[in-house]
Amino acid sequence: MQVLTQTVRFDSDLIVKHDRPTPRYTSYPPATELHENFKESDFIAAIERGNQKKTPLSLYFHIPFCESACYFCGCNVIITGLKDRVVNPYLEYLFKNIEQTAALIDGDRVVNQMHWGGGTPNYLSPEHVEMLWNKIHEHFTFAEDAEISIEVNPRYVDRNYIQRLRKLGFNRISFGIQDFDPKVQEAINRIQPEALLFEVMDWIREANFESVNVDLIYGLPYQNLETFSKTIEKTICLNPDRIAVFNFAFVPWMKPIQKNLPQEALPQAAEKLDIFHMTIDKLTESGYVFIGMDHFAKPDDELAIAQREGKLHRNFQGYTTQPDSELFGFGVTSISMLHDVYVQNHKRLKDFYKAIDKKHQPIEKGVELTEADNIMRREIIMELMCHFRLDKREIEKKYGIDDFDRYFAAEENELKDLENDGLVENTIDRIEVTPAGRLLVRNIAFAFDAYTKERQHQRFSKAI
Ligand code: SF4
(Lines give C-alpha, C1' and ligand atoms only; values in the text may rest on other atoms or scores of the structure.)
Protein backbone atom coordinates (compact mmCIF):
# COMPACT_ATOMS: atom_id res chain seq x y z
CA MET A 1 0.00 0.00 0.00
CA GLN A 2 1.29 3.47 -0.86
CA VAL A 3 0.19 6.67 0.81
CA LEU A 4 1.45 10.17 0.13
CA THR A 5 2.35 11.92 3.37
CA GLN A 6 3.81 15.34 2.63
CA THR A 7 7.15 14.51 1.04
CA VAL A 8 7.21 10.91 2.25
CA ARG A 9 5.68 7.94 0.51
CA PHE A 10 5.37 4.92 2.71
CA ASP A 11 5.88 1.75 0.72
CA SER A 12 6.09 -1.25 3.04
CA ASP A 13 7.24 -3.67 0.34
CA LEU A 14 10.19 -1.51 -0.68
CA ILE A 15 11.12 -0.83 2.95
CA VAL A 16 11.19 -4.54 3.71
CA LYS A 17 13.20 -5.20 0.54
CA HIS A 18 15.88 -2.53 1.05
CA ASP A 19 16.08 -1.88 4.81
CA ARG A 20 19.48 -3.23 5.82
CA PRO A 21 21.48 -2.38 8.94
CA THR A 22 23.44 0.82 8.38
CA PRO A 23 24.96 3.53 10.59
CA ARG A 24 22.59 6.29 11.71
CA TYR A 25 25.02 8.83 10.26
CA THR A 26 24.90 11.28 13.14
CA SER A 27 28.51 11.54 12.04
CA TYR A 28 30.70 10.39 9.19
CA PRO A 29 32.69 8.33 9.81
CA PRO A 30 30.32 6.70 12.31
CA ALA A 31 31.31 6.50 15.99
CA THR A 32 32.24 2.83 15.46
CA GLU A 33 35.36 4.04 13.61
CA LEU A 34 36.83 5.72 16.71
CA HIS A 35 39.90 3.78 17.82
CA GLU A 36 42.11 3.63 20.89
CA ASN A 37 45.38 4.38 19.08
CA PHE A 38 44.28 7.96 18.62
CA LYS A 39 46.77 10.44 20.13
CA GLU A 40 45.88 13.26 22.51
CA SER A 41 48.28 15.54 20.62
CA ASP A 42 46.12 15.14 17.49
CA PHE A 43 43.10 16.39 19.44
CA ILE A 44 45.05 19.39 20.70
CA ALA A 45 46.29 20.18 17.19
CA ALA A 46 42.69 20.03 15.91
CA ILE A 47 41.57 22.47 18.63
CA GLU A 48 44.31 24.82 17.49
CA ARG A 49 43.10 24.62 13.88
CA GLY A 50 39.61 25.64 15.08
CA ASN A 51 41.19 28.49 17.07
CA GLN A 52 42.83 29.81 13.90
CA LYS A 53 39.46 29.91 12.15
CA LYS A 54 37.62 31.19 15.26
CA THR A 55 35.03 28.50 14.70
CA PRO A 56 32.01 28.97 17.02
CA LEU A 57 31.41 26.43 19.75
CA SER A 58 28.73 23.96 20.65
CA LEU A 59 29.13 22.49 24.16
CA TYR A 60 27.78 19.24 25.55
CA PHE A 61 27.79 18.26 29.24
CA HIS A 62 27.08 14.71 30.29
CA ILE A 63 25.52 13.76 33.63
CA PRO A 64 25.70 9.95 33.68
CA PHE A 65 23.56 9.17 36.74
CA CYS A 66 19.97 7.89 36.85
CA GLU A 67 17.71 7.06 39.80
CA SER A 68 16.38 3.87 38.27
CA ALA A 69 16.96 1.78 35.18
CA CYS A 70 14.64 1.94 32.19
CA TYR A 71 14.83 -1.52 30.67
CA PHE A 72 14.99 -0.28 27.07
CA CYS A 73 17.95 2.01 27.78
CA GLY A 74 20.81 1.92 25.32
CA CYS A 75 22.86 4.64 27.03
CA ASN A 76 25.91 4.28 29.17
CA VAL A 77 24.42 5.12 32.58
CA ILE A 78 25.16 4.69 36.26
CA ILE A 79 22.09 3.73 38.28
CA THR A 80 22.47 4.94 41.83
CA GLY A 81 20.57 6.49 44.68
CA LEU A 82 23.74 7.86 46.25
CA LYS A 83 23.08 11.39 45.01
CA ASP A 84 25.61 13.85 46.50
CA ARG A 85 28.09 11.06 47.21
CA VAL A 86 28.51 10.49 43.48
CA VAL A 87 27.64 13.96 42.21
CA ASN A 88 30.22 15.87 44.29
CA PRO A 89 33.27 14.00 43.00
CA TYR A 90 31.85 13.92 39.49
CA LEU A 91 31.39 17.68 39.41
CA GLU A 92 34.87 18.18 40.85
CA TYR A 93 36.32 16.27 37.89
CA LEU A 94 33.92 17.78 35.38
CA PHE A 95 35.11 21.22 36.49
CA LYS A 96 38.72 20.14 35.95
CA ASN A 97 37.75 18.81 32.52
CA ILE A 98 36.24 22.23 31.71
CA GLU A 99 39.30 24.14 32.97
CA GLN A 100 41.72 21.88 31.15
CA THR A 101 39.93 22.03 27.78
CA ALA A 102 38.87 25.67 27.97
CA ALA A 103 42.55 26.58 28.42
CA LEU A 104 43.18 25.17 24.93
CA ILE A 105 40.29 26.99 23.26
CA ASP A 106 40.68 30.57 22.08
CA GLY A 107 38.61 32.88 24.32
CA ASP A 108 37.23 34.73 21.27
CA ARG A 109 35.31 31.69 20.15
CA VAL A 110 31.66 32.18 21.03
CA VAL A 111 29.28 29.46 22.20
CA ASN A 112 26.11 29.40 20.14
CA GLN A 113 24.73 26.12 21.45
CA MET A 114 24.90 24.19 24.71
CA HIS A 115 23.19 20.98 25.71
CA TRP A 116 23.12 19.02 28.97
CA GLY A 117 22.26 15.36 28.55
CA GLY A 118 22.67 12.04 30.23
CA GLY A 119 21.75 9.87 32.03
CA THR A 120 19.60 12.36 33.84
CA PRO A 121 20.81 15.98 34.10
CA ASN A 122 18.15 16.65 36.73
CA TYR A 123 19.85 14.06 38.93
CA LEU A 124 21.73 17.22 39.96
CA SER A 125 20.17 19.32 42.71
CA PRO A 126 19.25 22.92 41.75
CA GLU A 127 22.36 24.05 43.64
CA HIS A 128 24.57 21.68 41.68
CA VAL A 129 22.99 22.86 38.43
CA GLU A 130 23.84 26.42 39.36
CA MET A 131 27.41 25.54 40.29
CA LEU A 132 27.97 23.83 36.94
CA TRP A 133 26.28 26.67 35.06
CA ASN A 134 28.53 29.24 36.73
CA LYS A 135 31.65 27.21 36.11
CA ILE A 136 30.85 26.94 32.40
CA HIS A 137 30.16 30.68 32.16
CA GLU A 138 33.46 31.46 33.90
CA HIS A 139 35.28 29.80 31.03
CA PHE A 140 33.15 30.43 27.94
CA THR A 141 31.45 33.38 26.29
CA PHE A 142 27.93 32.79 25.03
CA ALA A 143 26.18 34.41 22.06
CA GLU A 144 23.12 36.35 23.14
CA ASP A 145 20.81 34.12 21.15
CA ALA A 146 22.57 30.85 22.07
CA GLU A 147 20.37 27.73 22.11
CA ILE A 148 20.70 26.31 25.60
CA SER A 149 18.95 23.03 26.20
CA ILE A 150 18.61 20.39 28.88
CA GLU A 151 17.04 16.94 29.11
CA VAL A 152 14.95 16.24 32.18
CA ASN A 153 13.38 13.11 33.53
CA PRO A 154 9.76 14.14 34.19
CA ARG A 155 9.52 11.89 37.26
CA TYR A 156 12.13 13.88 39.12
CA VAL A 157 11.30 17.53 38.49
CA ASP A 158 8.90 19.93 40.12
CA ARG A 159 7.63 23.39 39.23
CA ASN A 160 10.37 25.10 41.18
CA TYR A 161 13.12 23.09 39.47
CA ILE A 162 11.76 23.97 36.01
CA GLN A 163 11.52 27.65 36.88
CA ARG A 164 15.05 27.72 38.20
CA LEU A 165 16.36 26.20 34.98
CA ARG A 166 14.60 28.85 32.92
CA LYS A 167 15.76 31.68 35.17
CA LEU A 168 19.32 30.50 34.92
CA GLY A 169 19.14 30.75 31.12
CA PHE A 170 18.09 27.39 29.68
CA ASN A 171 15.72 28.20 26.82
CA ARG A 172 15.02 24.72 25.43
CA ILE A 173 14.00 21.58 27.23
CA SER A 174 13.46 17.96 26.35
CA PHE A 175 11.87 15.03 28.15
CA GLY A 176 11.22 11.40 27.41
CA ILE A 177 7.69 10.06 27.24
CA GLN A 178 8.39 6.87 25.23
CA ASP A 179 4.77 5.69 25.56
CA PHE A 180 1.67 6.80 27.49
CA ASP A 181 0.34 3.27 27.88
CA PRO A 182 0.59 2.06 31.54
CA LYS A 183 1.24 -1.56 30.50
CA VAL A 184 4.16 -0.51 28.28
CA GLN A 185 5.47 1.78 31.00
CA GLU A 186 5.39 -1.06 33.51
CA ALA A 187 7.23 -3.39 31.13
CA ILE A 188 9.99 -0.86 30.54
CA ASN A 189 10.20 0.09 34.25
CA ARG A 190 9.41 3.72 33.63
CA ILE A 191 6.08 4.57 35.20
CA GLN A 192 5.10 8.16 34.55
CA PRO A 193 1.35 8.72 34.62
CA GLU A 194 -0.30 10.81 31.95
CA ALA A 195 -1.35 13.45 34.51
CA LEU A 196 2.28 13.89 35.54
CA LEU A 197 3.43 14.40 31.94
CA PHE A 198 0.75 17.03 31.30
CA GLU A 199 1.61 18.75 34.58
CA VAL A 200 5.32 18.90 33.67
CA MET A 201 4.39 20.36 30.29
CA ASP A 202 2.25 23.02 32.04
CA TRP A 203 5.20 24.00 34.23
CA ILE A 204 7.45 24.22 31.17
CA ARG A 205 4.97 26.41 29.29
CA GLU A 206 4.46 28.58 32.36
CA ALA A 207 8.23 29.07 32.60
CA ASN A 208 8.18 30.17 28.96
CA PHE A 209 10.75 27.86 27.40
CA GLU A 210 11.27 28.69 23.72
CA SER A 211 11.10 25.11 22.51
CA VAL A 212 10.01 21.81 24.04
CA ASN A 213 11.01 18.43 22.66
CA VAL A 214 9.57 15.07 23.67
CA ASP A 215 10.88 11.61 22.81
CA LEU A 216 8.77 8.59 21.90
CA ILE A 217 9.95 5.07 21.16
CA TYR A 218 8.21 2.47 19.01
CA GLY A 219 8.99 -1.21 19.09
CA LEU A 220 8.63 -1.59 22.88
CA PRO A 221 6.83 -4.54 24.54
CA TYR A 222 3.01 -4.57 24.36
CA GLN A 223 2.87 -1.78 21.80
CA ASN A 224 0.56 -2.26 18.88
CA LEU A 225 -1.01 -0.03 16.28
CA GLU A 226 -4.02 0.76 18.44
CA THR A 227 -2.17 1.55 21.67
CA PHE A 228 0.51 3.62 19.97
CA SER A 229 -2.17 5.59 18.07
CA LYS A 230 -3.44 6.70 21.45
CA THR A 231 0.08 7.66 22.51
CA ILE A 232 0.42 9.77 19.36
CA GLU A 233 -2.96 11.43 19.94
CA LYS A 234 -2.04 12.28 23.53
CA THR A 235 1.34 13.60 22.40
CA ILE A 236 -0.40 15.89 19.91
CA CYS A 237 -2.62 17.15 22.77
CA LEU A 238 0.51 17.82 24.81
CA ASN A 239 1.55 20.11 21.97
CA PRO A 240 5.39 19.99 22.04
CA ASP A 241 7.38 21.93 19.44
CA ARG A 242 9.43 18.91 18.46
CA ILE A 243 8.83 15.19 18.68
CA ALA A 244 11.52 12.59 18.20
CA VAL A 245 10.20 9.11 17.41
CA PHE A 246 12.91 6.49 17.77
CA ASN A 247 12.92 2.92 16.59
CA PHE A 248 13.73 0.64 19.53
CA ALA A 249 16.75 -1.59 18.92
CA PHE A 250 16.53 -4.80 20.97
CA VAL A 251 20.16 -5.74 21.51
CA PRO A 252 20.31 -7.59 24.89
CA TRP A 253 23.76 -9.04 24.04
CA MET A 254 25.10 -5.48 23.99
CA LYS A 255 22.75 -3.96 26.59
CA PRO A 256 22.10 -6.64 29.24
CA ILE A 257 19.50 -4.42 30.98
CA GLN A 258 17.20 -5.20 28.04
CA LYS A 259 17.06 -8.85 29.20
CA ASN A 260 14.45 -7.61 31.69
CA LEU A 261 12.03 -6.89 28.85
CA PRO A 262 9.41 -9.56 28.01
CA GLN A 263 10.81 -10.52 24.65
CA GLU A 264 7.64 -12.37 23.61
CA ALA A 265 5.70 -9.09 23.90
CA LEU A 266 7.88 -7.15 21.45
CA PRO A 267 5.94 -6.13 18.32
CA GLN A 268 6.94 -7.92 15.12
CA ALA A 269 8.56 -6.09 12.18
CA ALA A 270 5.28 -5.77 10.22
CA GLU A 271 3.51 -4.24 13.22
CA LYS A 272 6.39 -1.81 13.74
CA LEU A 273 6.10 -0.72 10.12
CA ASP A 274 2.38 -0.08 10.60
CA ILE A 275 3.08 1.85 13.80
CA PHE A 276 5.63 4.08 12.12
CA HIS A 277 3.40 4.61 9.11
CA MET A 278 0.51 5.68 11.37
CA THR A 279 2.89 7.94 13.34
CA ILE A 280 4.00 9.80 10.22
CA ASP A 281 0.40 10.15 9.01
CA LYS A 282 -1.02 11.39 12.29
CA LEU A 283 1.77 13.82 13.10
CA THR A 284 1.97 15.33 9.63
CA GLU A 285 -1.83 15.57 9.39
CA SER A 286 -1.84 17.52 12.63
CA GLY A 287 0.68 20.01 11.22
CA TYR A 288 4.10 18.69 12.22
CA VAL A 289 6.81 18.68 9.56
CA PHE A 290 8.74 15.44 9.14
CA ILE A 291 12.44 16.25 9.57
CA GLY A 292 15.02 13.75 8.48
CA MET A 293 14.17 10.21 9.47
CA ASP A 294 12.84 10.37 12.98
CA HIS A 295 12.10 13.96 13.99
CA PHE A 296 8.96 16.04 13.67
CA ALA A 297 8.72 19.77 14.29
CA LYS A 298 6.12 22.48 14.10
CA PRO A 299 6.48 24.48 10.87
CA ASP A 300 7.73 27.57 12.74
CA ASP A 301 10.30 25.59 14.75
CA GLU A 302 13.96 26.29 13.89
CA LEU A 303 14.53 22.70 12.73
CA ALA A 304 11.68 22.89 10.23
CA ILE A 305 12.81 26.32 9.05
CA ALA A 306 16.41 25.12 8.71
CA GLN A 307 15.29 22.17 6.63
CA ARG A 308 13.17 24.40 4.38
CA GLU A 309 16.11 26.76 3.90
CA GLY A 310 18.62 23.96 3.29
CA LYS A 311 20.50 24.75 6.52
CA LEU A 312 19.90 21.60 8.52
CA HIS A 313 22.92 19.72 9.86
CA ARG A 314 23.63 16.62 11.84
CA ASN A 315 25.91 15.88 14.76
CA PHE A 316 26.17 13.26 17.49
CA GLN A 317 23.03 14.68 19.11
CA GLY A 318 20.96 14.31 15.95
CA TYR A 319 19.70 17.15 13.77
CA THR A 320 20.92 20.67 14.48
CA THR A 321 20.65 24.17 13.07
CA GLN A 322 24.26 25.03 13.92
CA PRO A 323 26.32 24.39 10.82
CA ASP A 324 29.77 25.71 11.44
CA SER A 325 30.33 25.11 15.11
CA GLU A 326 32.67 22.57 16.63
CA LEU A 327 31.17 20.35 19.29
CA PHE A 328 33.10 19.89 22.55
CA GLY A 329 31.83 17.18 24.89
CA PHE A 330 32.57 17.31 28.61
CA GLY A 331 32.22 14.52 31.13
CA VAL A 332 32.36 10.78 30.97
CA THR A 333 31.52 9.16 27.55
CA SER A 334 31.01 12.55 25.85
CA ILE A 335 31.93 12.94 22.22
CA SER A 336 33.68 15.96 20.72
CA MET A 337 33.28 16.57 17.03
CA LEU A 338 35.78 19.02 15.58
CA HIS A 339 36.14 19.73 11.89
CA ASP A 340 38.40 16.80 11.10
CA VAL A 341 38.78 15.02 14.44
CA TYR A 342 36.23 13.19 16.58
CA VAL A 343 37.05 11.95 20.08
CA GLN A 344 35.16 10.18 22.84
CA ASN A 345 35.92 10.53 26.54
CA HIS A 346 36.42 7.50 28.78
CA LYS A 347 33.25 5.55 29.48
CA ARG A 348 34.25 4.41 32.96
CA LEU A 349 34.31 6.99 35.73
CA LYS A 350 37.50 5.50 37.12
CA ASP A 351 39.38 5.98 33.86
CA PHE A 352 37.94 9.45 33.34
CA TYR A 353 39.11 10.55 36.80
CA LYS A 354 42.52 8.93 36.40
CA ALA A 355 43.27 10.70 33.10
CA ILE A 356 42.28 14.06 34.56
CA ASP A 357 44.45 13.44 37.64
CA LYS A 358 47.36 12.89 35.28
CA LYS A 359 46.48 16.18 33.58
CA HIS A 360 45.60 14.47 30.32
CA GLN A 361 42.56 14.97 28.17
CA PRO A 362 40.25 12.13 29.33
CA ILE A 363 40.05 10.63 25.85
CA GLU A 364 39.39 6.94 25.32
CA LYS A 365 39.41 6.94 21.52
CA GLY A 366 39.25 9.10 18.45
CA VAL A 367 39.52 9.32 14.71
CA GLU A 368 41.04 11.84 12.34
CA LEU A 369 39.73 12.49 8.85
CA THR A 370 43.07 12.83 7.17
CA GLU A 371 42.02 12.99 3.54
CA ALA A 372 39.93 15.42 1.53
CA ASP A 373 38.08 12.39 0.16
CA ASN A 374 36.71 11.65 3.65
CA ILE A 375 35.58 15.23 4.18
CA MET A 376 33.88 15.23 0.77
CA ARG A 377 32.08 11.94 1.49
CA ARG A 378 30.95 13.36 4.81
CA GLU A 379 29.39 16.32 3.05
CA ILE A 380 27.66 14.07 0.53
CA ILE A 381 26.25 11.80 3.24
CA MET A 382 25.10 14.72 5.42
CA GLU A 383 23.49 16.50 2.45
CA LEU A 384 21.53 13.36 1.63
CA MET A 385 20.59 12.76 5.28
CA CYS A 386 19.45 16.34 5.90
CA HIS A 387 18.15 17.58 2.56
CA PHE A 388 17.56 14.43 0.53
CA ARG A 389 19.39 15.81 -2.50
CA LEU A 390 22.86 16.47 -3.70
CA ASP A 391 24.18 18.98 -6.22
CA LYS A 392 27.00 17.24 -8.09
CA ARG A 393 28.37 20.49 -9.58
CA GLU A 394 28.68 22.03 -6.12
CA ILE A 395 30.67 19.04 -4.86
CA GLU A 396 32.94 19.19 -7.94
CA LYS A 397 33.57 22.89 -7.40
CA LYS A 398 34.14 22.67 -3.68
CA TYR A 399 36.45 19.65 -3.74
CA GLY A 400 38.16 20.23 -7.09
CA ILE A 401 37.11 17.02 -8.80
CA ASP A 402 36.59 17.09 -12.58
CA ASP A 403 33.72 14.74 -12.98
CA PHE A 404 31.49 13.60 -10.09
CA ASP A 405 30.06 10.70 -12.09
CA ARG A 406 33.51 9.37 -12.98
CA TYR A 407 34.87 9.80 -9.44
CA PHE A 408 31.87 8.05 -7.88
CA ALA A 409 31.18 5.55 -10.68
CA ALA A 410 31.22 2.56 -8.29
CA GLU A 411 28.95 4.33 -5.79
CA GLU A 412 26.46 5.32 -8.47
CA ASN A 413 26.47 1.77 -9.70
CA GLU A 414 25.57 0.65 -6.20
CA LEU A 415 22.59 2.99 -6.24
CA LYS A 416 21.19 1.31 -9.38
CA ASP A 417 19.04 -1.17 -7.49
CA LEU A 418 17.51 1.61 -5.36
CA GLU A 419 17.10 3.69 -8.50
CA ASN A 420 15.27 0.91 -10.33
CA ASP A 421 12.81 0.72 -7.46
CA GLY A 422 12.19 4.47 -7.63
CA LEU A 423 13.85 5.33 -4.30
CA VAL A 424 16.47 7.66 -5.71
CA GLU A 425 16.93 9.61 -8.95
CA ASN A 426 20.38 10.05 -10.40
CA THR A 427 20.38 12.79 -13.04
CA ILE A 428 23.23 14.65 -14.74
CA ASP A 429 23.35 17.34 -12.08
CA ARG A 430 21.80 15.84 -9.01
CA ILE A 431 21.12 12.88 -6.82
CA GLU A 432 17.63 13.18 -5.42
CA VAL A 433 15.96 10.99 -2.82
CA THR A 434 12.35 10.40 -3.87
CA PRO A 435 9.42 10.50 -1.40
CA ALA A 436 9.44 6.67 -1.39
CA GLY A 437 13.19 6.63 -0.69
CA ARG A 438 13.11 9.03 2.19
CA LEU A 439 12.67 6.42 4.91
CA LEU A 440 15.58 4.52 3.38
CA VAL A 441 17.90 7.52 3.12
CA ARG A 442 20.47 5.79 5.35
CA ASN A 443 20.71 2.99 2.78
CA ILE A 444 21.14 5.54 0.00
CA ALA A 445 23.83 7.43 1.94
CA PHE A 446 25.56 4.12 2.63
CA ALA A 447 26.64 3.90 -1.02
CA PHE A 448 29.10 6.76 -0.34
CA ASP A 449 30.39 5.39 2.98
CA ALA A 450 33.97 4.30 2.33
CA TYR A 451 34.64 3.49 6.00
CA THR A 452 31.85 1.03 6.64
CA LYS A 453 31.93 -0.70 3.27
CA GLU A 454 34.47 -3.26 4.37
CA ARG A 455 32.65 -4.00 7.58
CA GLN A 456 29.74 -6.26 8.29
CA HIS A 457 26.41 -4.41 8.20
CA GLN A 458 25.21 -6.39 11.19
CA ARG A 459 26.74 -4.02 13.73
CA PHE A 460 24.20 -1.35 12.90
CA SER A 461 20.47 -1.01 13.32
CA LYS A 462 17.81 -0.95 10.64
CA ALA A 463 15.96 2.24 9.76
CA ILE A 464 12.61 0.77 10.83
S1 SF4 B 1 16.40 7.89 32.42
FE2 SF4 B 1 17.21 7.87 30.33
S3 SF4 B 1 19.39 7.43 30.55
FE4 SF4 B 1 18.42 6.91 32.52
S5 SF4 B 1 17.99 4.71 32.39
FE6 SF4 B 1 16.15 5.80 31.69
S7 SF4 B 1 16.41 5.97 29.47
FE8 SF4 B 1 18.41 5.45 30.31
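The values are calculated or read from the model by the stated rules, or taken from the named source; none is laboratory data. It should be emphasised that the depicted structure is a prediction, and the values quoted were computed from it without experimental measurement. As a convention, Cβ positions derive from the backbone with ideal geometry for all residues, glycine included, and neighbour counts pool all protein chains shown.
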**Request:** Report, by residue number, each residue of the range 369-388 that is surrounded by fewer than 18 Cβ atoms within 10 Å (Cβ to Cβ) and either among the acidic types (Asp, Glu) or at pLDDT 95 or above (or both).
**Result:** Glu371, Asp373, Glu379
**Prompt:** Can you tell me which residues in the range 392-413 are outside any helix (DSSP H, G or I) and surrounded by fewer than 16 Cβ atoms within 10 Å (Cβ to Cβ)?
**Reply:** Gly400, Asp402, Asp403
**Message:** Quick check on the range 48-61. Is at least one of its residues farther than 29 Å from Ile291 by Cβ and part of a loop (DSSP other than H, G, I, E, B)?
**Reply:** yes
**Asked** Scanning for something under 21 Å from the mean Cα position of the chain (by Cα) and not in a helix (DSSP H, G or I), does the range 257-267 turn up at least one residue?
**Response** no
**Fill in**
Scanning the range 51-77 residue by residue, those closer than 14 Å to Ser334 by Cβ, at pLDDT 95 or above, of a type outside the set (Phe, Trp, Tyr) and within 15 Å of the ligand (Cβ to nearest atom) turn out to be His62, Ile63, Pro64
**Prompt:** Does Val251 meet the test of being of a type outside the set (Lys, Arg), modelled with pLDDT under 95 and within 16 Å of the ligand (Cβ to nearest atom)?
**Reply:** yes
**Prompt:** Restricted to the range 423-441, and to residues that are touching a Ser or Thr at 6+ places or on another chain (Cβ under 8 Å) and free of Cβ contacts under 8 Å to residues at least 24 places away in the same chain, which residue is surrounded by the most Cβ atoms within 10 Å (Cβ to Cβ)?
**Reply:** Val424
**Message:** Suppose we keep only residues that are of a type in the set (Gly, Ala, Ser) and more than 23 Å from the chain's Cα centre (by Cα) within the range 16-45. Which one would you say is surrounded by the fewest Cβ atoms within 10 Å (Cβ to Cβ)?
**Reply:** Ser41
**Asked** What do you reckon, is Thr101 crowded, with 19+ Cβ neighbours inside 10 Å, at pLDDT 95 or above and hydroxyl-bearing (Ser, Thr, Tyr)?
**Response** yes
**Request:** Output the number of residues of the range 80-98 satisfying the condition of being within 16 Å of the ligand (Cβ to nearest atom) and surrounded by 15 or more Cβ atoms within 10 Å (Cβ to Cβ).
**Result:** 4
**Asked** If you go through the range 71-79 one residue at a time, do you hit one that is without any contact (Cβ under 8 Å) to a residue 24 or more places away in the chain, closer than 18 Å to Asn153 by Cβ, touching a strand residue (DSSP E or B) at 6+ places or on another chain (Cβ under 6 Å) and not small (Gly, Ala, Ser)?
**Response** yes
**Request:** Might you let me know whether the range 162-178 holds any residue that is of a type in the set (Val, Ile, Thr) and farther than 24 Å from His128 by Cβ?
**Result:** yes
**Item:** Residue count for the range 248-286, restricted to those that are closer than 24 Å to Arg20 by Cβ, surrounded by fewer than 17 Cβ atoms within 10 Å (Cβ to Cβ) and either in contact with a Phe, Trp or Tyr (Cβ under 7 Å, 6 or more places away or on another chain) or among the β-branched types (Val, Ile, Thr) (or both)
**Value:** 1
**Request:** Could you check the range 101-199 for helices (runs of 4 or more DSSP H) lying wholly inside it with 2 or more residues that are of a type outside the set (S, T, N, Q), without any contact (Cβ under 8 Å) to a residue 12 or more places away in the chain and away from the ligand (no atom under 16 Å from the Cβ)?
**Result:** 126-139
